[in-house]
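Q: Structure incoming, see below.
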Amino acid sequence: MESSNQEGENFSTDSDSKLGSYAQLFSDEQLSLFQVLSQKNVAMGEIYAGAILVLEQETNPFRISMAAYALRELLSRSPRYFDVEIPTDVPKLPDEVKLLEKQWQGTCKESSCYKKGIWEGEIDKPLRNFLKNLVSFFMRFEGNNPYPYRREIYRKLIRNLDRAGLPTARPFEEDAIAFLNRQKRYLNEILHGGQVDETEFCGCLQSITHFLSERLVPKTFVEIDDIRKTIAEGEANGH
């Protein structure tokens, strides 16, 4: 796993110098988020800035697709940059589909319900077993949910994003996971040739910006820092 020890690498000499030029194009929230992302990892700041900058290229016919790609990269790489361990032994969808196909072929040969390309009669054991596997396969996508392991990656990411270190109530955590799923799905649809509405896409950019800013640059963070400092000083004096 790529370490997040690259935090702040070259930030003061490179990313910091870009703040002035970006100030004319970025909103205050975007500028603050760019700065925080760059301090965490320079690449993250560049990817985020790239999405905004390419969107400003009005003569570029592919600007929304390019911006969508940058945002998808930001969401995809965030777990790694925020110290979420990514499992390497997770089965891939094409492999699982191939396994399902193999089971289907075996069922066609073994089931007495299948004769000369026609299914008829009562469900026998081979067909029943295959249908159980099929139900299990599709249940993973019930409600447009990703694989369970992907949900856990999102869950850990949401917890790691909170600079204040405060626990998130379960319902809010589930809402955040659902948000990430929706945005990732929407960006994939654009990149796979789906219909693009610029206003809708700008809304997506704003939503992702606000989602990350809320967690990485919370308005109460300074207050929480002061509270922790006061508590620590009190405990020290008590000893």
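Q: Note down the relative contact order for segment 93-144 as a percent, whole number, built from C-alpha pairs under 8 angstrom at least six residues apart. Mind showing how you got there, number by number?
A: On the way: 22 pairs, mean separation 15.7, N = 52.
Computed value for segment 93-144: 30 percent relative contact order.
Q: If you don't mind, there's one more thing I want to ask. Among P94, C108, N133, whose Cα sits farthest toward the positive end of the charge dipole of segment 93-144 (+1 at Cβ of Lys/Arg, -1 at Cβ of Asp/Glu, about the Cα centre)?
A: C108
Q: Here's a follow-up. Assuming R0 = 35 Å, can you tell me the calculated FRET efficiency for the pair Q206 and V97, based on Cβ-Cβ distance, to the nearest 0.05? Provide the component values of the computation, followed by the final result.
A: Working: r = 36 Å, r/R0 = 1.03.
For Q206 and V97, the calculated efficiency is 0.45.
Q: At most 16 other Cβ atoms within 10 Å and a DSSP loop assignment: could you name the GluC sites (Glu not before Pro) in segment 39-131 that fit? Can you show the working numbers first?
A: Details: sites: E46, E56, E58, E73, E85, E96, E101, E110, E120, E122; in loops: E56, E58, E85, E120, E122.
Answer by residue number: E56, E58, E85, E120, E122.
Q: Determine the relative contact order of segment 45-139: mean sequence separation of Cα pairs under 8 Å and six or more apart, normalised by residue count, in whole percent. Walk me through the numbers on the way to the answer.
A: Numbers: 51 pairs, mean separation 15.5, N = 95.
Once divided by the residue count of segment 45-139, the mean separation gives 16 percent.
Q: Continuing with this model, one more query. Taking 7 Å along the Cα-to-C-beta vector as the label spot, tell me the E174-K156 distance in nanometres, rounded to one decimal.
A: Taking the two extended label points, one gets 2.2 nm.
Q: Right, something else. Any idea what log10 I(q)/I(0) is at q = 0.15, 0.25 Å⁻¹ for segment 93-144, Debye with uniform C-alpha scatterers and no solvent?
A: Ignoring solvent entirely, the Cα scatterers give -0.45, -0.96.
Laboratory data are not the source of any read-out in this text; all were calculated from the coordinates shown. Since we're looking at a predicted model, the values are computed, not measured. Positions of Cβ are backbone-derived with ideal geometry, glycine not excepted, and every protein chain shown enters the neighbour counts.
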